[in-house]
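Visitor: Have a look at this one before I ask anything.
The values are calculated or read from the model by the stated rules, or taken from the named source; none is laboratory data. Computed from a predicted structure; not experimentally measured. Neighbour counts are summed over all protein chains in view; Cβ atoms, including those assigned to glycine, are modelled from backbone coordinates with ideal geometry. The protein model used for the area step is the full one, side chains on, heavy atoms only, and it has no ligands, DNA or RNA in it. Shrake-Rupley method; radii C 1.70, N 1.55, O 1.52, S 1.80 Å.
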Amino acid sequence: MFFYMPSSPELTITQPSIADGAEMWRIARDSKELDLNASYSYLLMARDFWSTSVIAKVSGKPAGFVTGFLRPSAPNTLVVWQVAVDQDHRGKGIARQMLQALVDRCSRQGVWFLETTITPDNNASIGLFTSLAEQVRAPIVRTDLFASDHFPDEHKPEQLYRIGPWSTYEGRS
Ligand SMILES: CC(C)(COP(=O)(O)OP(=O)(O)OC[C@H]1O[C@@H](n2cnc3c(N)ncnc32)[C@H](O)[C@@H]1OP(=O)(O)O)[C@@H](O)C(=O)NCCC(=O)NCCS
C-alpha cells in the first residue's frame, strides 16, 4: 500500500483497488475528453497495474485518477495512459499531485522517464505535463507518434511527450 502526503487533509492519493475501477470509468466518461475504454479495462488496471496507477479522493469520494504501466521494452519508463480529474475539482493541483505521487513511487524502482501522448489541442494536458517536467527538473521532448490515419476510426493525432531523466530529482520519501 502506498500513500502520498497531499496538499490538503481532505485529499488522499493512493493506489486504486478493484472497487475503484467503476468510478475511474465514470470519471473518464464524464471528462468528455478522454477516449472512454471498456469498463473492464479500468477494473483490470486497478487489479494488475495498481503500482503504476493512482486514485485521488476528496473527502473519501473519487475525484481523479491516473492509469499507467511500465513500458515492457523499457522498464525505466512509466507510460501514463490516462489522467482525469472531475470538473468540480480541477485547477487545484490534484492532477499534478497524482503524477508527483507516481513519479515519487516509481523513482524508487529505477524509473527515470515518463511518456504520455497528447492530442495537439489539449492545452490542459500540455500544461499539466509541462508543469511536471519543470517540477522534476527534467527535459521534455515532443515527437509525433500516432497520426490520424493510423487509427481505424476518426481520431486526432497523438504526440508523444517524453520527460526525463530526472535522476537528479530527489522525490519525497
Ligand atoms: C488535464 C487535467 C487532468 C488537469 O487536472 P487538474 O487537476 O485541473 O490540473 P492541476 O490543477 O493539477 O494543474 C497542473 C498544471 O496543469 C496546468 N493546467 C491545468 N489545466 C490547464 C488548462 N486548462 N490550460 C492550461 N494549463 C492547465 C496548470 O496550470 C498547472 O500548472 P502549474 O503547476 O504550473 O500551475 C484535467 O483538466 C482533465 O481531467 N481534463 C480532461 C481529461 C484530459 O484531457 N486528460 C489528459 C489527457 S490523458
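Visitor: Enter the accessible area of VAL83 (Å², nearest 10), with the probe set to 1.4 Å and all protein chains included.
Guide: Answer for VAL83: close to 30 Å² accessible.
Visitor: Take every DSSP beta bridge whose two residues both sit in segment 1-83, then give the antiparallel share in percent to the nearest 5.
Guide: If we restrict to bridges inside segment 1-83, about 100 percent are antiparallel.
Visitor: Can you tell me the dipole magnitude for the chain around its Cα centre, using point charges on the Cβ only (Lys, Arg +1; Asp, Glu -1), in Debye to the nearest 20? Walk me through the numbers before you get to the answer.
Guide: On the way: 17 positive and 19 negative charges, 119 e Å.
Charge dipole, the chain, about its Cα centre: 580 debye, nearest 20.
Visitor: Let me ask something else. HN-Hα J couplings of segment 60-74 from phi, Karplus 6.51/-1.76/1.60, θ = phi - 60°, integer Hz, Gly and Pro as x?
Guide: Running phi through 6.51 cos²θ - 1.76 cosθ + 1.60 with θ = phi - 60° gives x, 9, x, 10, x, 7, 10, 10, x, 7, 7, 5, x, 8, 8 Hz.
Visitor: Any idea of HIS150's accessible area? Nearest 10 Å², probe 1.4 Å.
Guide: Taking all protein chains as shown, HIS150 has close to 120 Å².
Visitor: Using Cα springs under 10 Å in a Gaussian network model of the chain, which residue among SER31, SER107, SER73 shows the largest mean-square fluctuation?
Guide: Maximum fluctuation in the GNM of the chain, among the listed residues, is at SER73.
Visitor: Just want to confirm a number: the relative contact order over the chain, from Cα pairs under 8 angstrom separated by 6+ residues, in percent.
Guide: 17 percent
Visitor: Could you sort ASP86, ASP30, ASP153 by accessible area so the largest value comes first, with the probe set to 1.4 Å?
Guide: Sorted by accessible area, descending: ASP153, ASP30, ASP86.
Visitor: Further question: At a probe size of 1.4 Å, how large is the accessible area of ASP121, to the nearest 10 Å²?
Guide: Surface accessible to solvent at ASP121 totals approximately 80 Å².
Visitor: With runs of 4+ DSSP H residues as the only contributors, calculate the mean residue ellipticity of the chain at 222 nm using -39,500 (n - 2.57) per run, divided by the residue total and rounded to the nearest 500. Don't skip to the end; give the middle numbers.
Guide: Values: 4 runs with 48 residues, N = 173.
Estimated from H runs of four or more residues: -8500 deg cm²/dmol.
Visitor: Can you sort GLU134, GLU154 by 1.4 Å-probe accessible area, starting with the largest?
Guide: Reading off the accessible areas and sorting them downward yields GLU154, GLU134.
Visitor: While we're on this one: Mind checking the per residue accessible area of segment 25-173 for me, 1.4 Å probe, whole number of Å²?
Guide: Accessible surface, normalised per residue, equals 53 Å².
Visitor: Over segment 112-173, calculate the relative contact order: mean separation of alpha carbon pairs under 8 Å at least 6 apart, over the residue count, as a percent.
Guide: Numbers: 87 pairs, mean separation 28.8, N = 62.
46 percent.
Visitor: Quantify, in whole percent, the carbon and sulfur part of the accessible surface of the chain (1.4 Å probe; protein heavy atoms only).
Guide: 54 percent
Visitor: Classify segment 3-163 as rounded, prolate or oblate, taking a ≥ b ≥ c as the square roots of the eigenvalues of its Cα gyration tensor: rounded when a/c is under 1.5, otherwise prolate if a/b is larger than b/c and oblate if not.
Guide: Rounded is the answer for segment 3-163, as its axis ratio a/c remains below 1.5.
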